[in-house]
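Engineer: My questions all concern the structure below.
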Amino acid sequence: MYAYFQYLQQAKLNTHQVAKQIAAVGPETAKIINSYGACVNVIPNDYSAIGMVQHFHEKNLISQRVFIPVGDRSSSRIADGLTELGHQCLSLTLYHNQLPEQQVIAALQQFQSEAVDCLIVTSPSAFINLVEVAKKQGTFCLLGNLVIIPIGETTKSACEKLGFTIAVLPKHSTLASLAECVLGYYT
C-alpha cells in the first residue's frame, strides 16, 4: 500500500480521483489506507483473497472495474476470482520484494546464539527470504526445530510449500488474533 500512495502523491492525485470505492483485505490493511486519508468502504468477513472474491459475489456486484495494486510475489487469486465473476481487473505490480540479506543473516545469528523457540510469520515473502538466506548460510537446520505460527492461510501455504509444518493457525488473519493464537499455544 505504501508504494501505491507514493505513486498517487507523485502524480499529485488523491484517492478519490482514482477510485470510487476502496476495498482492503483486512483491518490491518484498512488502517494503513485510512492513515493516508482514504476511506475504506469494503473489508470482507474472511480476511483473505478468497474472502474478497466471496464478498463481491455475495453483494452481487456486476461488472465493476477493479484496480489491484500488487507486489511481484502477490497471488493472482483476487484478480482471477473477480474476472471469473465478470469484473474487469487491472493488476499492476507497484513494488518488487527485495531480499534484506544482512538483516536475515543477523536474525539467523541470533537464532544460533539465543534459544529461539517460535517463529511468527506475517508474510510469505518474509518466510521465503528467511529460508533462502538460511540455505545460503548453511543454517537451514536451525529452522527445523522452531514452532512456526503464520498469520493466515496464504502465509501458511507458503510455509508448507517449503516443507515446514505449522503448529497452529489464528482464527483471523489479524495481528491481534495472531497474538492470541501464540498465547493460547503456550498456555
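Engineer: Take the conditions surrounded by 17 or more Cβ atoms within 10 Å (Cβ to Cβ), over 27 Å from Val133 (Cβ atoms) and under 20 Å from the mean Cα position of the chain (by Cα) and apply them to Ser74. Does it pass? Can you show your working first?
Structural biologist: Details: surrounded by 17 or more Cβ atoms within 10 Å (Cβ to Cβ): yes; over 27 Å from Val133 (Cβ atoms): no; under 20 Å from the mean Cα position of the chain (by Cα): yes.
For Ser74, the condition - surrounded by 17 or more Cβ atoms within 10 Å (Cβ to Cβ), over 27 Å from Val133 (Cβ atoms) and under 20 Å from the mean Cα position of the chain (by Cα) - is not met.
Engineer: Considering only helices (runs of 4 or more DSSP H) fully contained in region 1-109, which possess at least 1 residues that are at positive phi and at pLDDT below 90? Don't jump to the end; show me each part of the working.
Structural biologist: On the way: elements: 2-10, 15-18, 27-35, 49-58, 77-84.
Counting at least 1 such residues, we get no helices (runs of 4 or more DSSP H) at all.
Engineer: Another question, if that's okay. Quick test of your reading of the structure: Val168 fulfils all but one of (1) part of a helix (DSSP H, G or I); (2) of a type in the set (A, V, I, L, M); (3) farther than 30 Å from Val66 by Cα. Name the failing condition by number.
Structural biologist: Condition (1) is where Val168 drops out.
Yes/no matrix, rows are residues, columns are (1) outside the structural domain of Lys171 (by TED's automatic domain parsing); (2) within 22 Å of Ala158 (Cβ to Cβ); (3) aliphatic (A, V, I, L, M):
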position	(1), (2), (3)
Leu13	yes, no, yes
Ile22	yes, no, yes
Cys39	yes, no, no
Glu58	yes, no, no
Val70	yes, yes, yes
Ser75	yes, yes, no
Leu90	yes, no, yes
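Engineer: For residues that are within 21 Å of Ile50 (Cα to Cα) and surrounded by fewer than 16 Cβ atoms within 10 Å (Cβ to Cβ), tally how many sit in region 154-174.
Structural biologist: 6
Engineer: Separate question: Look at Asp46 and say whether it is acidic (Asp, Glu), surrounded by fewer than 17 Cβ atoms within 10 Å (Cβ to Cβ) and not assigned by TED's automatic domain parsing to the domain that holds Gln137. Please lay out each step first, then the result.
Structural biologist: On the way: acidic (Asp, Glu): yes; surrounded by fewer than 17 Cβ atoms within 10 Å (Cβ to Cβ): no; not assigned by TED's automatic domain parsing to the domain that holds Gln137: yes.
No: the conditions fail for Asp46.
Engineer: Search region 90-113 for residues that are closer than 16 Å to Gly138 by Cβ and pair each with any residue that is surrounded by 11 or more Cβ atoms within 10 Å (Cβ to Cβ) and among the small types (Gly, Ala, Ser) when their beta-carbon atoms are under 7 Å apart and the residues are at least 6 apart or on different chains.
Structural biologist: Leu108/Ala134
The values are calculated or read from the model by the stated rules, or taken from the named source; none is laboratory data. Please read all numbers here as calculations on a predicted model, not as lab measurements. Don't worry about glycine lacking a Cβ; one is built from the backbone with ideal geometry, like all the others, and counts go over all protein chains shown.
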